[in-house]
Amino acid sequence: MDENFSIALPRAAYTVPVMRDFMGGALETKGVCEECLSDILVATTEACANVIDHGDPAPHYEVVARVRDGFCSLKIVHAGPKFDPASVPLPDPDSESGRGILMMRELMDQVSFGSDATKRTTVWMAKRLCATRVSQLSLWQQPLATQQM
C-alpha cells in the first residue's frame with residue numbers, strides 16, 4: 001500500500017483541529033493503531049502550532065502524509081522564515097510552553113528540519129506503524145524519511 005494525502009490550510013489557530021480531524025480520519029482508515037495515531041497527531045499538532053506561532057509571514061501551511069511499507073511519513077511545509085532547531089534552548093521546567101520539538105522527537109522515530117526543493121521551511125517526521133487491521137499495512141521496510149515523498 002502506498003497512499004499519499006495532504007491538506008493545505010490558512011496559518012491560523014482554528015485550522016489545527018481541522019488538520020487533526022482530517023489526518024486522524026485518513027490514518028484511521030488505513031488501519032493505523034490507536035497508539036501510533038495518537039503519537040502522530042500530537043507530533044503533527046506541535047509542528048503545526050509552531051508554524052502558526054512562528055511562521056510569519058507565511059499565509060498558509062501544508063501537511064502531507066504518506067503511508068507506505070509500515071511507515072507513516074509526514075511533511076509540514078510553510079513559506080515562513082528558516083528554522084534552526086539547534087537555536088531553540090531547552091525549555092524552562094516551570095514554563096507551560098517550549099516543549100514541542102522535544103515532544104515531536106519523543107513521539108516519532110525520525111524528525112528533521114530544513115527546506116524542501118522550493119526552499120520552503122519543512123519539518124519531516126516518520127513513524128513505524130502497527131496496524132489494527134494487519135492486512136492494511138504491508139511488512140516493515142525502510143523508513144519513508146529516506147524515500148522521495
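The values are calculated or read from the model by the stated rules, or taken from the named source; none is laboratory data. Small disclaimer: the values here were computed from a predicted structure and weren't measured. FYI the Cβ positions are ideal-geometry reconstructions off the backbone, even for glycines, and counts take in every protein chain you see.
Looking across the stretch 112-125, the residues that are over 12 Å from residue 83 (Cβ atoms) and either touching a residue at least 40 places away in the same chain (Cβ under 8 Å) or buried (at least 16 other Cβ atoms within 10 Å of the Cβ) (or both) come down to 116, 124, 125.
Go through the stretch 70-116 and count every residue that is of a type in the set (Val, Ile, Thr) and either at pLDDT below 85 or over 14 Å from the mean Cα position of the chain (by Cα) (or both). Walk me through it before giving the result.
At the first step, the residues of the stretch 70-116 found to be of a type in the set (Val, Ile, Thr) are 76-77, 88, 101, 111.
Restricting the remaining residues to those that are either at pLDDT below 85 or over 14 Å from the mean Cα position of the chain (by Cα) (or both) gives 88.
Total meeting the criteria: 1.
The set of residues in the stretch 26-36 being surrounded by fewer than 19 Cβ atoms within 10 Å (Cβ to Cβ) and under 20 Å from residue 77 (Cα atoms) consists of 26 alone. Just one of the listed residues (53, 39) is surrounded by fewer than 17 Cβ atoms within 10 Å (Cβ to Cβ) and either within 18 Å of residue 100 (Cα to Cα) or of a type in the set (D, E, K, R) (or both), namely 53. What about residue 3, is it of a type in the set (Asp, Glu), part of a strand (DSSP E or B) and surrounded by fewer than 20 Cβ atoms within 10 Å (Cβ to Cβ)? Spelling it out, residue 3 is indeed of a type in the set (Asp, Glu), part of a strand (DSSP E or B) and surrounded by fewer than 20 Cβ atoms within 10 Å (Cβ to Cβ). Is there a residue in the stretch 94-101 that is in contact (Cβ under 8 Å) with a residue 40 or more places away in the chain and assigned to a helix (DSSP H, G or I)? Yes: the stretch 94-101 contains one or more residues that are in contact (Cβ under 8 Å) with a residue 40 or more places away in the chain and assigned to a helix (DSSP H, G or I).
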